[in-house]
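The values are calculated or read from the model by the stated rules, or taken from the named source; none is laboratory data. Small disclaimer: the values here were computed from a predicted structure and weren't measured. Heads up, the Cβs are rebuilt from the backbone with ideal geometry, glycines too, and the neighbour counts pull from every protein chain shown.
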Amino acid sequence: MKIHSKYLFIFKIVAIVILSLATVWLFLHKLYFSSLLLIILLAVLSFSLYNDRRKLINRMERMISGIRNEDFTFHYPKKNTDDELNRLSNQMNEALQVFRNQAYHSYKEEAEADAWQKLISVLTHEIMNSIAPIISLSETLSKEAEKSNQSEEELQNMRQGMQIIHRRSAGLLSFVENYRKLTRIPQPLMQPIPVSNLLKSMQLLVEADQIHFTYTCYPEQLLIQADRNMVEQILINLLRNAKEATENHPNPNIKIDAKQVGSEVHITVADNGTGISPEAINKVFIPFYSTKSKVSGIGLSLCRQMMILHKGHISVSSDDQGTRLTLFFQV
C-alpha cells in the first residue's frame, strides 16, 4: 500500500532527527564507521526531501510559465492516488481550466465585439453613402416637379436625377442581398471527399472561366470530411481571386497543394500574382472589404464563415512572390 506524501514527509523528518541524534551518539563513542554510514543515510534522506520540494516548485514554475506564454493546453497528468501532491496537481488543473475558460470567453467576446464594430461601421458607411444622395435628389426633383413650363434642360436634369436614384437604390439593394448571404449559410452536409478527385473535377468546373491550375495531392487517397458543394464554392472563390491577381503577369501560375499534416489536411491555393499589401492583408476577411472596384467584398468572408462551420479555418500570406490561402480541415 502506497504511503501518502504527507505521512512520508513526516516520516523523513522524524528519521532525520533520530539519525542525527544517533550519529552524534556514535561519534561520541568513537564508532566512526557507523557514524559515517548514518551520515550517508542522512544525506540520502535530505536529498529526498529536497527532491520532493523541487518537484513541487517545478510544477508551480511550469504552471506560471504556461500562463505567461499563453499556453492554455498545459495540464498535470492525473494519478489514481489520494496524496497531497496529487490533490494539489488536481487543484492546479482546475485553476488552469478556470483560467482557460475565462481567457477564451474574454477573447471570444472581444473578437465578436470587434467584428460587430467593423461590420456596423461598413454597414453604416455603405447605407449612408446610398441614402444621402437619394434623399437629396428626391427633394430636388420634388421641388422641380412643382414648377410648370419646364425647359428641356430641366427635364433632362430630372431624368438624370431619376437614373441616379435608380442606380443608387439598386446598389443598396445589392448590398443588402450580399449581407443576407453572409447570414444565411446553411449547415454543411458532411461526407468523405477524396481530395484528388475533388481537385480533378475542379479543373473541369473552372475551365469555362478560363482558369487554369495544377495540383498535387499527398497521399493520393487523401480524404476530408466536408460538404462538397461548400468546398467547391470556397475553391472557386479562391481560384477566381488568383486569376485576377495574375492577369497582368507574363507567366501566370496557379497551383493547389493538398497534404496531410498531423491531424489536419491543408489545401493551399497559391499564385504568382501581385500579392496583397501589408495594410490590406489583415482586412481581407472583413465583410464587404475589397481593394477592387465593382466587387461585393464578401467572397473571402463567405469562405471564412464556411470553414468555421466545418470546424476549420483559413489563413492568408502574401509577398512579392504572390499570395497563398490555406484551408485547414480536421481529419
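Summary table
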| quantity | calculated |
| --- | --- |
| Criterion violated by Val316 - all others in (1) part of a strand (DSSP E or B); (2) surrounded by 21 or more Cβ atoms within 10 Å (Cβ to Cβ); (3) of a type in the set (A, V, I, L, M) satisfied | (2) |
| Yes/no for Leu327 being surrounded by 13 or more Cβ atoms within 10 Å (Cβ to Cβ), touching a Leu at 6+ places or on another chain (Cβ under 6 Å) and either of a type outside the set (Phe, Trp, Tyr) or at pLDDT 85 or above (or both) | no |
| Restricting the range 190-219 to residues that are at pLDDT below 90 and not in a helix (DSSP H, G or I), the residue that is farthest from Ile298 (Cα to Cα) | Gln210 |
| Cβ pairs under 9 Å, 6+ apart, first in the range 13-25 and farther than 17 Å from Tyr50 by Cβ, second not in a helix (DSSP H, G or I) | Trp25/Leu31 |
| Residue in the range 235-257 that is assigned to a loop (DSSP other than H, G, I, E, B), out of contact with any helix residue (DSSP H, G or I) (no Cβ under 9 Å at 6 or more places or on another chain), farther than 27 Å from Gln191 by Cα and of a type in the set (Gly, Ala, Ser) present | no |
| Single unsatisfied condition, Val265 versus (1) more than 19 Å from the chain's Cα centre (by Cα); (2) modelled with pLDDT of 90 or more; (3) crowded, with 20+ Cβ neighbours inside 10 Å | (1) |
